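A.B. asks: Provided herewith is a single structure, encoded as structure tokens, for subsequent inquiry.
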Amino acid sequence: MTEAQKLAPSVSKLIDGWEVVIGIEIHTQLATQSKIFSGSSTEFGQDPNTQASLVDLAMPGVLPVLNQEVVDLAIRFGLGIDAYIDQASVFARKNYFYPDSPKGYQISQMDNPIVGLGHIDIQLEDGTVKRIGVTRAHLEEDAGKSIHDQFEGMSGIDLNRAGTPLLEIVSEPDMRSVEEAVAYIKSIHTLVRWLGISDGNMAEGSFRADCNVSLRRPGQPFGTRCELKNLNSFRFIEQAINVEIQRQMDILEDGGRIDQETRLFDPNKMETRSMRSKEEANDYRYFPDPDLLPVIIANEQIEAARAALPELPKARRARFIADFAVTEYDAHVLTLSRELADFYEAVVTASGGAAQGKVAANWVMGEFSGALNKASLELQDSPVSAEQLGGMIARIVDNTISGKIAKQVFGFMWEEGKTADDIIAEKGLKQETDTGAIEAIIKEVLAANEKMVEEYKSGKEKAFNGLVGQVMKASRGKANPAQVNELMKKLIG
Amino acid sequence: MTDLHRLSIREMTEGLKSAQFSSRELTQHYLDRIAKIDDRVKSYVTVTPEQALAQADAADNLLKSGTAGVLTGVPLAHKDIFCTQGIKTTAGSKMLDNFVSPYDATVVAKAKAAGLVTLGKVNMDEFAMGSTSESSFYGATKNPWNLEHVPGGSSGGSAAVVAADLAPLATGTDTGGSIRQPASFCGLTGLKPTYGRVSRFGMIAFASSLDQGGPMARSAEDCAFLMNTIAGHDLKDSTSINKEVDDYVANLNATAVKGLRIGIPKQYFNVQGLDVEVKARVEESLKKLQDMGATLVEIDLNMTEAYVPTYYLIAPAEASSNLSRYDGVRYGYRCENPTDILDLYKRSRSEAFGAEVQRRILIGTYALSAGYYDAYYVKAQKVRRLIQQDFLKAFENVDVIAAPSAPTTAYKIGANLSPTEMYLGDIYTLAVNLAGLPAINAPVGFDTNNLPVGLQLIGNYWSESQLLSIVHQYQQNTDWHTKRAAIAEENA
């Protein structure tokens, strides 16, 4: 397939004749040591207000100073989605009163965001690839946190999070199903971690999504949308969108009208409920922040960022398919994170090179990932290194062990942490390839199973497999299966 | 000595260096004067005798050890808009009546580092919004030349303390004329530097793109000494400019008045409401400069009618946002028994902000609102650019531009000008802030009521040295800057 064919607009999957339209805003916390406009630390989980400086507290007279590191991180993201980088982006004030917004405004970007139009290709379960437009990504500061349950009749405010740098990534309304929405969010999640601009930790709020959902009849203009706020797990995102689609469909099928509003998802009740209607929405009175100069980005800064950019997931998938002969699906799974892709490549190298790409992929995605899942371990905590796994695969390739024995070897390796060669030697798991020895076993088996031999000769193919099994059993799995097949056919005649 | 307050800053530094008097004596002298005189002038919001004397003693030690800086031991007063660590910082508002700043503004820190002694914090219009200093929560400050008149504003306290010799130097801030107009009303020299020359960090914001701190004193020379201390780039203020700072004292005679081309904007001298006596004194001062060798060149500044409307959209718009932080949550005034957060916001702000501040918050909020933003704020910013270009075009043919600092002398206290009448009083000063240019006020005589008149000289960007130098030489040839109000002649 050509690139154009692959990216041709997919036919929307309709639900009872309704087309789902989804656009997504993602807030991702940028991986800086200090805040976007002050020197306070961004470390998570500290005592309330221990990371709130004079600037974060919005003391009279204080001024914001931009942490230049966030500019580099935003540029990196922009390059990662092939976007326009605005070389004179502007910070604006978004004015609203809220106790955890100490200045009475949030510093964000409005008319000139640092990252303009870009795109990202998402892959669905069935292998379909679809291109999703990213309208813009802009820098802004996070708010603090109100605490309502610790002080009788009063609320507490923790400003540790206030001023944490965020990149808000806004998509086009290009998604047509919950699957596409989840795939998009996962792709962005992979990308921001891949680029090292965010840890993507959803439990700590470093990566959260707002989903705008609407329904329409195909060919009609967009319907009225509702925004689902602050979803911080992939499961909640999927559930919330599904629940919201059903709610809107019920209203529309009854001839009702959708009100534009912001809704909150309640995972316990499996429902969304209204938080704020359009009428109640604030007039944010955006205007350029006179305390900050436009963010001027030189060509050299962009080119330096481009040069330092790691190979992106899409390019890496293409290379894996071309060089390592893996399937599109394999390539997709192996590039879900940069760490996994790096691990896989190290396994390929240790197992003998590109020719072993497919068998290495099978092991990484199969036995190895299964063992990690079972032990609830992250890749970086694996007891088996890429070199160990690759070393074992090399022994399969050179016929020292069979694939079946390899699973035993892998088990020992996982438990004992030794190399495959040590385990094979210690446990005597080396494959039997000596023709004479194998012939001797076959002869014994044939002698002991004359009935099966007769059955085979009379045309029952299954009997042959039974005999091979007997030989393998007698060799305690060590006989080379291919050799057994070949010699058996010769001996039976 | 009973007349230490009559010394110029240069004489004061020489007296300290040669141990004719100590910083403690000098400081005590001013504290005594404040105790005796300020009841009538009402210029100080907070006097800090203990801290001042401690700073004076520290200064005396440096002077004795020979490690003192140029201004070590010289007293000054800060406008109460500059944050001072451990000292109440009110911005003239009930909102901050209980606010003790946990940090020093950059200007304050620089003054401290230079060994200057802080006598206290002086009165101002609430959040610098006003031209009379009457809008202060702490009541009106009086003009030392006539206690029934205002000292101007918003830096009215700064002007009054210097004019009454209750401090030899004062810091001020100028958003639309707040240094130049009170300097004019009180017969002082006051410099509004180029935007970005003096750090705004720790200077309570009124309108961020217009606010600029600067010195107020009797003479250009005195101002030059303070400018040398407070000017400079500050990493804590992104809008401060990283440009080498001149030695303003060393440059006091560096600009030749002979051959200087002074632009006289036709439109400025035909303004309805320009007092005939003010006009006469300003023209006399220009004649004097002409006698000293300058050339007067008639010029056009065509955007004059746009100054007031443009300023009164941009400044309130920024103010409405800057003042949002005063919400009764973290510091400052909080209303009694709020029923919920909205009630807390509404009552805290309604009870603690004065009428002028509330008026400007409303105007600014309106100008930024959806549907009006383009018609008001965006358009005002475009006009602002035209005003700036108008000035830059003028500077192709002249070195400085002359104008009155204000169309009248000081108003009577309680004159109760309507807001629009009061705003028109700023006609000569607003455009300088909109364009970000430097400008200076120099005293050039009196009206028949013995109230001072000021000449304003507007320079091109970064021409502070030039402005100070021209005024210094004018002051070498005149004695207006040495005239003292009767109250200043009193001894403690």
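A.B. asks: Give region B:51-74 a look and list any residue that's charged (D, E, K, R) and either part of a loop (DSSP other than H, G, I, E, B) or surrounded by 21 or more Cβ atoms within 10 Å (Cβ to Cβ) (or both), or say none.
C.D. replies: B:60
A.B. asks: Which one of A:447, A:406, A:394 is modelled with pLDDT of 85 or more and touching a Gly at 6+ places or on another chain (Cβ under 6 Å)?
C.D. replies: A:394
A.B. asks: Quickly run through region B:292-333 and pick out the residues that are in a loop (DSSP other than H, G, I, E, B) and within 12 Å of chain A (Cβ to nearest Cβ). So that I can check it myself, show each step before the final result.
C.D. replies: Of all residues in region B:292-333, those in a loop (DSSP other than H, G, I, E, B) come to B:292-294, B:300-303, B:326-333.
Selection gives B:326, B:327, B:328, B:329, B:330, B:331, B:332.
A.B. asks: On the basis of being crowded, with 24+ Cβ neighbours inside 10 Å and part of a loop (DSSP other than H, G, I, E, B), does residue B:166 make the cut?
C.D. replies: Yes; evaluated as a whole, the condition is true for this residue.
A.B. asks: When you go through A:50, A:32, A:28 one by one, which is the residue that is assigned to a loop (DSSP other than H, G, I, E, B) and touching a helix residue (DSSP H, G or I) at 6+ places or on another chain (Cβ under 7 Å)?
C.D. replies: A:32 is the lone residue from the list that is assigned to a loop (DSSP other than H, G, I, E, B) and touching a helix residue (DSSP H, G or I) at 6+ places or on another chain (Cβ under 7 Å).
A.B. asks: Any residue in region A:283-299 that's more than 9 Å from chain B (Cβ to nearest Cβ) and in contact (Cβ under 8 Å) with a residue 12 or more places away in the chain: show its pairings with residues that are polar (S, T, N, Q) and in a strand (DSSP E or B) at Cβ separation under 8 Å, as long as the two are six or more apart or on different chains.
C.D. replies: If the second residue must be polar (S, T, N, Q) and in a strand (DSSP E or B), the pairs left are A:294/A:89; A:295/A:89; A:297/A:89.
A.B. asks: Tell me whether region B:348-358 contains one or more residues that are in contact (Cβ under 8 Å) with a residue 40 or more places away in the chain and within 20 Å of the chain's Cα centre (by Cα).
C.D. replies: The answer is yes; a qualifying residue exists.
A.B. asks: Further, regarding this structure: Within region A:35-64, which residues are at the interface with chain B (Cβ under 10 Å from one of its Cβ atoms) and within 19 Å of residue A:198 (Cβ to Cβ)?
C.D. replies: A:37
A.B. asks: Hey, another quick one. Return yes or no: is residue B:257 away from chain A (no Cβ under 14 Å) and either buried (at least 24 other Cβ atoms within 10 Å of the Cβ) or of a type in the set (D, E, K, R) (or both)?
C.D. replies: Answer is no for this residue.
A.B. asks: Could you please let me know if residue A:218 is surrounded by fewer than 17 Cβ atoms within 10 Å (Cβ to Cβ), in contact with a strand residue (DSSP E or B) (Cβ under 7 Å, 6 or more places away or on another chain), closer than 24 Å to residue A:119 by Cβ and in contact (Cβ under 8 Å) with a residue 12 or more places away in the chain?
C.D. replies: yes
A.B. asks: Then there is this: Among the candidates B:341, B:314, single out the residue that is hydrophobic (A, V, I, L, M, F, W, C) and either free of Cβ contacts under 8 Å to residues at least 40 places away in the same chain or under 19 Å from residue B:402 (Cα atoms) (or both).
C.D. replies: The conditions single out B:341.
A.B. asks: If you don't mind, another one. Given the residues A:178, A:192, A:182, A:170, which is the only one that is over 25 Å from residue A:312 (Cβ atoms), within 23 Å of the chain's Cα centre (by Cα) and touching a residue at least 24 places away in the same chain (Cβ under 8 Å)?
C.D. replies: That would be A:178, the only listed residue that is over 25 Å from residue A:312 (Cβ atoms), within 23 Å of the chain's Cα centre (by Cα) and touching a residue at least 24 places away in the same chain (Cβ under 8 Å).
Each row is one residue, and each column tells you yes or no for (1) surrounded by 19 or more Cβ atoms within 10 Å (Cβ to Cβ); (2) over 24 Å from residue B:443 (Cα atoms); (3) of a type in the set (D, E, K, R).
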site: B:362; (1), (2), (3): no, yes, no
site: B:381; (1), (2), (3): no, yes, no
site: B:393; (1), (2), (3): no, yes, yes
site: B:396; (1), (2), (3): no, yes, yes
site: B:401; (1), (2), (3): yes, no, no
site: B:415; (1), (2), (3): no, no, no
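A.B. asks: Something else now. Filter region A:407-438 for residues that are free of Cβ contacts under 8 Å to residues at least 40 places away in the same chain and crowded, with 20+ Cβ neighbours inside 10 Å and give the result.
C.D. replies: Selection gives A:409, A:413, A:420, A:423, A:424.
A.B. asks: Among the candidates A:132, A:114, A:122, which residue alone is modelled with pLDDT under 95 and under 29 Å from residue A:31 (Cα atoms)?
C.D. replies: On the way: A:132 fails: modelled with pLDDT under 95; A:114 fails: modelled with pLDDT under 95.
Of the residues listed, the single one that is modelled with pLDDT under 95 and under 29 Å from residue A:31 (Cα atoms) is A:122.
A.B. asks: Within region B:85-97, track down each residue that is within 21 Å of residue B:49 (Cβ to Cβ), in contact with a Gly (Cβ under 9 Å, 6 or more places away or on another chain) and either surrounded by fewer than 23 Cβ atoms within 10 Å (Cβ to Cβ) or away from every other protein chain (no Cβ under 14 Å) (or both).
C.D. replies: B:87, B:97
A.B. asks: Where the second residue is modelled with pLDDT of 95 or more and charged (D, E, K, R) and the first is within 11 Å of residue B:252 (Cβ to Cβ) and lies in region B:452-480, which pairs have Cβ atoms under 7 Å and are six or more apart or on separate chains?
C.D. replies: Cβ pairs passing all conditions: B:465/B:246; B:472/B:221.
A.B. asks: Which members of region A:250-274 meet the condition of being in contact (Cβ under 8 Å) with a residue 40 or more places away in the chain and loosely packed, with under 14 Cβ neighbours inside 10 Å?
C.D. replies: Once the filter is applied, which keeps residues that are in contact (Cβ under 8 Å) with a residue 40 or more places away in the chain and loosely packed, with under 14 Cβ neighbours inside 10 Å, region A:250-274 yields only A:253.
A.B. asks: Further question: Is at least one residue of region B:40-56 away from chain A (no Cβ under 14 Å), of a type in the set (D, E, K, R) and over 27 Å from residue B:183 (Cβ atoms)?
C.D. replies: Among the residues of region B:40-56, at least one is away from chain A (no Cβ under 14 Å), of a type in the set (D, E, K, R) and over 27 Å from residue B:183 (Cβ atoms), which makes the answer yes.
A.B. asks: Being part of a strand (DSSP E or B), crowded, with 19+ Cβ neighbours inside 10 Å and out of contact with any Gly (no Cβ under 8 Å at 6 or more places or on another chain) is the filter here; which residues of region A:136-155 pass it?
C.D. replies: Matches in region A:136-155: A:138, A:139, A:140.
A.B. asks: Before we move on, is residue B:280 within 30 Å of residue A:97 (Cβ to Cβ) and of a type in the set (Gly, Ala, Ser)?
C.D. replies: Working: within 30 Å of residue A:97 (Cβ to Cβ): no; of a type in the set (Gly, Ala, Ser): yes.
So residue B:280 fails the test.
A.B. asks: I'd like the full set of residues that are within 14 Å of chain B (Cβ to nearest Cβ) and outside any loop (DSSP other than H, G, I, E, B), limited to region A:71-110.
C.D. replies: Pass one, region A:71-110, residues within 14 Å of chain B (Cβ to nearest Cβ): A:71, A:90-108, A:110.
Within region A:71-110, A:71, A:92, A:93, A:94, A:95, A:105, A:106, A:107, A:108 qualify.
A.B. asks: Before we move on, is residue A:320 crowded, with 19+ Cβ neighbours inside 10 Å and within 14 Å of another protein chain (Cβ to nearest Cβ)?
C.D. replies: Answer is no for this residue.
A.B. asks: Tell me which residues, restricted to region A:107-135, are more than 20 Å from residue A:76 (Cα to Cα), buried (at least 20 other Cβ atoms within 10 Å of the Cβ) and not β-branched (Val, Ile, Thr).
C.D. replies: A:123, A:130
A.B. asks: In this structure, does residue B:124 turn out to be of a type in the set (A, V, I, L, M), buried (at least 23 other Cβ atoms within 10 Å of the Cβ), within 14 Å of chain A (Cβ to nearest Cβ) and not in a loop (DSSP other than H, G, I, E, B)?
C.D. replies: no
Conditions (1) surrounded by fewer than 16 Cβ atoms within 10 Å (Cβ to Cβ); (2) more than 20 Å from the chain's Cα centre (by Cα); (3) more than 14 Å from chain B (Cβ to nearest Cβ), marked per residue:
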| site | (1), (2), (3) |
| --- | --- |
| A:276 | yes, yes, yes |
| A:309 | yes, no, yes |
| A:335 | no, no, yes |
| A:343 | no, no, yes |
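A.B. asks: Continuing with the same structure: Given the structure, is residue B:90 in a strand (DSSP E or B) and under 23 Å from residue B:180 (Cα atoms)?
C.D. replies: no
A.B. asks: Which residue is farthest from residue A:53 (Cα to Cα), if the candidates are limited to region B:197-242 and must be within 9 Å of another protein chain (Cβ to nearest Cβ) and of a type in the set (A, V, I, L, M)?
C.D. replies: Ranking the qualifying residues of region B:197-242, first place goes to B:210.
The values are calculated or read from the model by the stated rules, or taken from the named source; none is laboratory data. Predicted model only: the values in this text are computed from it and were never measured. Positions of Cβ are backbone-derived with ideal geometry, glycine not excepted, and every protein chain shown enters the neighbour counts.
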